[in-house]
Amino acid sequence: MMSRTLTLAQEMSFSQIDDDGVWREDAACRGVDPNLFWANDTAPAKAVCSECLVRKQCLDYALALGPSRRAGGVWGGKDEREIRRMRRRTLEERRSNAG
Ligand code: SF4
C-alpha cells in the first residue's frame, strides 16, 4: 500500500507494470496507421478502440505507464485528458485508502 507521504509524482514513479504484452496480438489497431491515435480528432481512433477485444488491458497499461513514459494518444478508447483524469482519481483513492 502506498504511503500517504508520497507525492503524486513519486507515486507515479512507483507504478508497477505487470504486462507480458500478449494482449497486443488481439489489438484492433494492428495494421492501422498509428498517427490516427495521436491525431487532434480522437473520434476515429476511439471508433477503432470500441471494436477492440483488449480495450481493458490497453487502458490498464496506459494508466500504469503514467504520463512521463507515455507520449499521449488514445489508449483503451480514452484520450489523453480522460486517461490523466482516471489516473489522478486512482491515485487519490489510493492515498485516501492509505490514510
Ligand atoms: S484499445 Fe485501442 S489503442 Fe488499445 S489495443 Fe485496442 S485498438 Fe489499440
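Taking 35 Å as R0, compute the FRET efficiency from the Cβ-Cβ separation of VAL22 and SER96 and round it to 0.05. Plugging the Cβ-Cβ distance into 1/(1 + (r/R0)^6) gives 0.55. Sequence-ordered 3J(HN,Hα) estimates for the stretch 21-34 from the Karplus curve with 6.51, -1.76 and 1.60 and θ = phi - 60° stand at x, 4, 4, 4, 5, 9, 5, 5, 8, 4, x, 8, 4, x Hz, glycine and proline given as x.
Only the coordinates and a few stated rules stand behind these numbers; no lab work does. Nothing here was measured: the structure is a model prediction, and the numbers come from that model. Please note: Cβ atoms are built from the backbone with ideal geometry, for glycine as well, and neighbour counts cover all protein chains shown.
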